[in-house]
1. By how many degrees, between 0 and 90 and to the nearest 10, does the Cα long axis of helix 241-250 differ from the longest principal axis of the chain?
2. For Lys194 and Lys10 in one chain, what is 0.36 nm times their gap in residues minus the Cα-Cα distance, to one decimal in nm?
3. Calculate how steeply helix 77-96 sits against the longest principal axis of the alpha-carbon atoms of the chain, using the helix alpha-carbon long axis, and give the answer as 0 to 90 degrees to the nearest 10.
4. Check each of the GluC sites (Glu not before Pro) in the stretch 147-194 and keep only those in coil by DSSP with at most 16 other C-beta atoms within 10 angstrom; list them in order.
5. What list of ³J(HN,Hα) values in whole Hz, one per residue of the stretch 143-155 in order, does the Karplus curve 6.51 cos²θ - 1.76 cosθ + 1.60 (θ = phi - 60°) give from phi, with Gly and Pro shown as x?
6. Residue by residue through the stretch 58-66, what is 3J(HN,Hα) from phi via Karplus (6.51 cos²θ - 1.76 cosθ + 1.60, θ = phi - 60°)? Round to whole Hz and write x for glycine and proline.
7. At 0.36 nm per residue, minus the direct Cα-Cα distance, what do Glu110 and Leu96 gain on full extension? Give it in nm, one decimal, please.
8. What's the magnitude of the charge dipole for the chain around its Cα centre, counting Lys and Arg as +1 and Asp and Glu as -1 at the beta-carbon? Answer in Debye, nearest 20.
Amino acid sequence: MIDYIEKIRKLDIVNKEGQTVPFILNREQERFLKEASGRDIILKSRQIGFSSLILAMFTIDFLLVKNSRAVCISHDGDSAMKLLDRVKFFIESAKLKGLGIKLKYNSRQEMFNSDKNSSFYIGKAGSKSFGRGDTLTNLHLSELAWYEDPERLFASVLQAVVPSGRAFIETTANGMNYMKNFWDKSEAGETGFKTHFFDNSFYSKDFLEQKKKELGDKFPQEYPKTAMEAFLSSGRPFFDKESLKVYLQETIDPINEYKGHYDLHI
């Protein structure tokens, strides 16, 4: 069993101040590692660091675990390139600290570690098809709520993950779309995925006040307090977002509200 907290400390990362520092997990990242099931959805405020955490975990496997097969998919090409650059930075930091690595090939989308027979692929949604015949041990779907055709891709790529493998979805909300439906089904225990919501309490009060000034009405979308606020305040709904929040707060469940007050006879 790999101690990811300890192993990740040996990698370097560029912090928000632009400095290269050891990758020491923050409290939210540690919390996720302790609570993760191996089939997990992370709904989150911005820039808490879950993409970096998942990429670092997969990088550790790529470097140390035989026959590791990692795939990370992002919502667009630019984001995918940034994720791959982050992985390559992790690997270079490991090399500088004495870890010998033999990369058979090292392209803008894929790397292969000859010593461990392991591979790491990063691409954008729709750039490669996965399915029957593929074997993945690690899958990361970054910003799934923003994919053009998430249902089709998700259905195919998930089938490539071996039973003992891991599948992580991490995303900000994007309105009442496929991601919202999948989140609700997961909370109801219908998908096999465990839900994790990380709100804006990660940030300081001063930081959040500044972001409110900068973002205005967009603030709840980027730094939500609840999962429902994340979904309601994002996307492009037909009805006014504030009105939807009020209606939701005032809505009651008529069956539970009046349960016990009368009996139904058929």
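Computed from the coordinates by the stated procedures, all read-outs in this text should not be read as laboratory data. Here the structure is a predicted model, which means the values were calculated and not measured. A quick note on method: Cβ atoms are made from the backbone with ideal geometry, for glycine too, and the neighbour counts reach across all protein chains shown.
1. Computed tilt is about 60 degrees.
2. Details: separation 184, 0.36 × 184 = 66.24 nm, distance 2.87 nm.
Here the answer is 63.4 nm.
3. It is inclined by approximately 50 degrees.
4. On the way: sites: Glu148, Glu151, Glu170, Glu187, Glu190; in loops: Glu148, Glu190.
For GluC sites (Glu not before Pro) across the stretch 147-194 that sit outside H, G, I, E and B with at most 16 neighbouring Cβ atoms in 10 Å, the list reads Glu148, Glu190.
5. Rounded to whole hertz, the list is 6, 4, 4, 9, 5, 6, 9, x, 4, 5, 5, 4, 4.
6. Residue by residue, the stretch 58-66 yields 5, 5, 4, 4, 4, 7, 10, 10, 5 Hz.
7. On the way: separation 14, 0.36 × 14 = 5.04 nm, distance 2.12 nm.
Stretched fully, the Glu110-Leu96 segment lengthens by 2.9 nm.
8. Values: 39 positive and 37 negative charges, 253 e Å.
Value, rounded to 20: 1220 debye.
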